Amino acid sequence: MPKLKIEGGNILTGDINISGSKNSAVALLPAVLLCKSTATIYKVPKIRDIEYLLKILEILNCKYEIKEDFITVDTTKLKNKEIPEELSEQMRASYYFMGTLLARFKRVSISFPGGCNIGARPIDLHIKGFEALGATVKIIKNKHIIEAKELKGARIYLDFASVGATINIMLAATHAKGQTIIENAAREPEIVNVASFLISMGSKITGAGTSTIIIEGTKELDYGITEVFPDRIEAATYVILGALTGKDLHIKGIIKDHINAVLIKLKDAGVPLEVKNDEIIVSKCKKVLPTKIFTQVYPGFPTDAQQPFTVLLTQAEGVSTITENIYESRFVSAGLLNVMGADTTSTGNVLRIKGKTKLKGASLYTPDLRGGAALVLAGLIAEGTTILDNISLILRGYEDIVDKLQKVGAKIELIE
Ligand code: UD1
């Protein structure tokens, strides 16, 4: 397994182009199964999670072709097969095959999805949704067997506005008889991206992006086409990097509204930012102000950006706090920042960050995807060398991270 070697202290300048969103793409690929013959998706990021999803599509007898900036999937010979655990456990998003295979075949057998270890992460809301549509769910050891004689539209209230449950229920409901209404639906951009893909293949969906989504079941869907939205978390990560060590660093190809909450908090922290259409120009913040952050569902501050933001707050003069309202175990990377010289303490779901602290290079492991990205940022401002192990977790979600950073002047390389 390669490691990352990072020499801190360089000022970064130039352009970073944002890739397609991981969290959209990992739902869009399973969604292609709803098409009878072909689907095309533009700007699919080249990341590990996508490689695993493509392997699953092959197992399900689909063919795919990767062209310059799009993937075409041929689903004509789709077969319902059990998805091997060694693939489904590689990422959380494998659970979207539950929704699509249930819609297509009324039966799916899949092991519990994997993903980053950042909390309990149950999928009870997904299951409740499938049951409301008429499915029965058996759980044998780690395997979920979900079956239905017929799927019927239903009114489903989500106790929590879960991204995964909203998308999964929307996928399953596309072929249900009659109308499905999801109430207290999540409003993240990923949901809009998936809904617009489903609409392109003939699905009747209204309200995606609001708290109430209405899906009218349709018998057949085909020829889906869409473009993956820009990755709002990748964009947030690199804007924060610019605030740490940029000089007119241009973060390009963003949708500004998707990262509004992060930009507002960066401004609160005193970061000089210029927003121009689809790009943000950011430079090192000379005096970072202590800031309070509360993670929330969209359009609130995203939990996925909390870990990179912590690195910026280690440079603030005074005490900052991050209240994590989505996942209970998302402060592991903060503990690793302490090894580099940061001063953070967590009590329950609140992280207290005392700054300003000088960070020093260290040998560390990657705790999870976004935590790994945070440690990369820390390494880039630290004195000396940082070695980061287990980086496959970072490669799961950040396309060409080493290349992108080298091009703007970072001293970072993959080593064996
Ligand atoms: C998605 C993202 C992840 C992001 C998260 C929150 C993907 C592949 N992953 O994860 O990067 O951090 O949204 O923005 O898109 N919950 C339940 N029961 C359920 C489902 C969720 O209790 O059935 C809880 C979770 O444990 C968590 C909260 O709801 O505390 C949010 O989860 P959810 O929005 O579903 O996140 P994911 O879809 O897992």
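The values are calculated or read from the model by the stated rules, or taken from the named source; none is laboratory data. This one's a predicted model, so the numbers in the text were calculated from it and none came from an experiment. As a convention, Cβ positions derive from the backbone with ideal geometry for all residues, glycine included, and neighbour counts pool all protein chains shown.
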(request) Of all residues in the stretch 149-193, count the ones that are within 16 Å of the ligand (Cβ to nearest atom) and either part of a loop (DSSP other than H, G, I, E, B) or at pLDDT below 95 (or both). (result) 10
(request) Could you please find all residues in the stretch 11-32 being among the charged types (D, E, K, R) and within 24 Å of Thr303 (Cα to Cα)? (result) Lys22
(message) Are there helices (runs of 4 or more DSSP H) fully within the stretch 346-416 with at least 1 residues that are among the basic types (Lys, Arg) and in contact with a strand residue (DSSP E or B) (Cβ under 7 Å, 6 or more places away or on another chain)? List them.
(response) 401-407
(message) Need pairs with beta-carbon distance below 7 Å; first residue assigned to a strand (DSSP E or B) and within the stretch 1-23, second of a type in the set (Asp, Glu); sequence gap 6+ or separate chains.
(response) Lys3/Asp389; Lys5/Glu413; Thr13/Asp248; Gly20/Asp231
(message) Tell me whether the stretch 129-146 contains one or more residues that are in contact with a Lys or Arg (Cβ under 6 Å, 6 or more places away or on another chain) and more than 16 Å from the ligand (Cβ to nearest atom).
(response) yes
(request) Select, from Thr295, Thr321, the only residue that is more than 25 Å from Lys404 (Cα to Cα) and buried (at least 21 other Cβ atoms within 10 Å of the Cβ). (result) Thr295
(request) Restricting attention to the stretch 129-146, report how many residues are buried (at least 16 other Cβ atoms within 10 Å of the Cβ) and within 30 Å of Arg48 (Cα to Cα). (result) 5
(request) Specify which of the listed residues (Asp69, Asp74) is more than 14 Å from the ligand (Cβ to nearest atom), within 22 Å of the chain's Cα centre (by Cα) and free of Cβ contacts under 8 Å to residues at least 40 places away in the same chain. (result) Asp69
(message) Could you go through the stretch 326-339 and let me know if any residue there is hydrophobic (A, V, I, L, M, F, W, C) and over 25 Å from the mean Cα position of the chain (by Cα).
(response) yes
(request) Can you confirm whether the stretch 232-244 contains a residue that is part of a helix (DSSP H, G or I), of a type in the set (Ser, Thr, Tyr) and farther than 26 Å from Val192 by Cα? (result) no
(message) If I filter the stretch 280-289 for residues that are away from the ligand (no atom under 14 Å from the Cβ), crowded, with 21+ Cβ neighbours inside 10 Å and closer than 24 Å to Asp368 by Cα, do I get at least one hit?
(response) no
(request) For Ile182, state whether it is in contact with a Ser or Thr (Cβ under 9 Å, 6 or more places away or on another chain), farther than 25 Å from Thr226 by Cβ and crowded, with 23+ Cβ neighbours inside 10 Å. (result) no
(message) Based on this model, can you work out whether Val319 counts as within 16 Å of the ligand (Cβ to nearest atom) and of a type outside the set (S, T, N, Q)?
(response) no
(request) Go through (1) within 14 Å of the ligand (Cβ to nearest atom); (2) of a type in the set (Val, Ile, Thr); (3) over 30 Å from Lys411 (Cβ atoms) one by one and return the number of the condition Thr237 breaks. (result) (3)
(request) Among the residues of the stretch 24-51, write down those that are away from the ligand (no atom under 16 Å from the Cβ), surrounded by fewer than 23 Cβ atoms within 10 Å (Cβ to Cβ) and not in a strand (DSSP E or B). (result) Lys36, Ser37, Lys43, Lys46
(request) Might you let me know whether the stretch 356-369 holds any residue that is surrounded by fewer than 23 Cβ atoms within 10 Å (Cβ to Cβ), under 25 Å from Asp49 (Cα atoms) and of a type in the set (Val, Ile, Thr)? (result) no
(message) Given the condition away from the ligand (no atom under 13 Å from the Cβ) and crowded, with 17+ Cβ neighbours inside 10 Å, answer yes or no: does some residue in the stretch 111-127 qualify?
(response) yes
(message) Six or more apart or on different chains, Cβ atoms under 7 Å: show the pairs whose first residue is in the stretch 292-315 and within 13 Å of the ligand (Cβ to nearest atom) and whose second is outside any helix (DSSP H, G or I) and aromatic (Phe, Trp, Tyr).
(response) Thr295/Phe301; Phe301/Phe294; Thr303/Tyr327
(request) Report, by residue number, each residue of the stretch 71-103 that is crowded, with 16+ Cβ neighbours inside 10 Å and in a strand (DSSP E or B). (result) Ile71, Val73, Asp74, Ile83
